[in-house]
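Quick note: the coordinates plus some simple rules give every number you see, no bench work behind them. Since the structure is predicted, the reported quantities are computational estimates derived from the model, not experimental observations. Positions of Cβ are backbone-derived with ideal geometry, glycine not excepted, and every protein chain shown enters the neighbour counts.
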Amino acid sequence: MENKKISEKIKTVMASVFDVDLPEIDDNCSADTLEKWDSLKHINLITALEEEFGVSFSNEDISNMVNYKLIHLTLQEKLK
């Protein structure tokens, strides 16, 4: 899957999970910049991403996926 498509899918999933408009999800999005990103929403996000991309994340992956860039990087590795 190409980078742009991965990026769009991640942002769409994030906007849905966090119940925000798509433009609010940018490359700098993180738990620090998005008020609605708490621990429960983080688990919801991980679950939604696993379903959307058909992958499984390890506990280490999950604890490292704290911002958009790291989520994108982790998914790129999983989809290779």
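Label reach from Lys9 (point 7 Å along Cα→C-beta): in region 22-66, amide nitrogens under 12 Å belong to 49-56. Computed about its Cα centre, the charge dipole of region 3-78 is approximately 240 debye, with only Lys, Arg, Asp and Glu carrying charge at their Cβ.
Our coupling estimate for region 48-55, obtained by passing each phi through the Karplus curve with A = 6.51, B = -1.76, C = 1.60 and θ = phi - 60°, is 5, 5, 4, 5, 4, 9, x, 10 Hz, Gly and Pro reported as x. Taken one residue at a time, the phi angles of region 66-80 give Karplus couplings (6.51, -1.76, 1.60, θ = phi - 60°) of 9, 8, 4, 4, 6, 4, 4, 4, 5, 5, 4, 5, 5, 8, 5 Hz. Gly and Pro are set to x. Neighbour counts of other Cβ atoms within 10 Å put Leu49, Leu79 in the fewest-to-most order Leu79, Leu49. Going by a ≥ b ≥ c, the root eigenvalues of the Cα gyration tensor, does the chain fall in the rounded group (a/c under 1.5), the prolate group (a/b larger than b/c) or the oblate group? Since a/c reaches 1.5 but b/c is at least a/b, the shape of the chain is classed as oblate.
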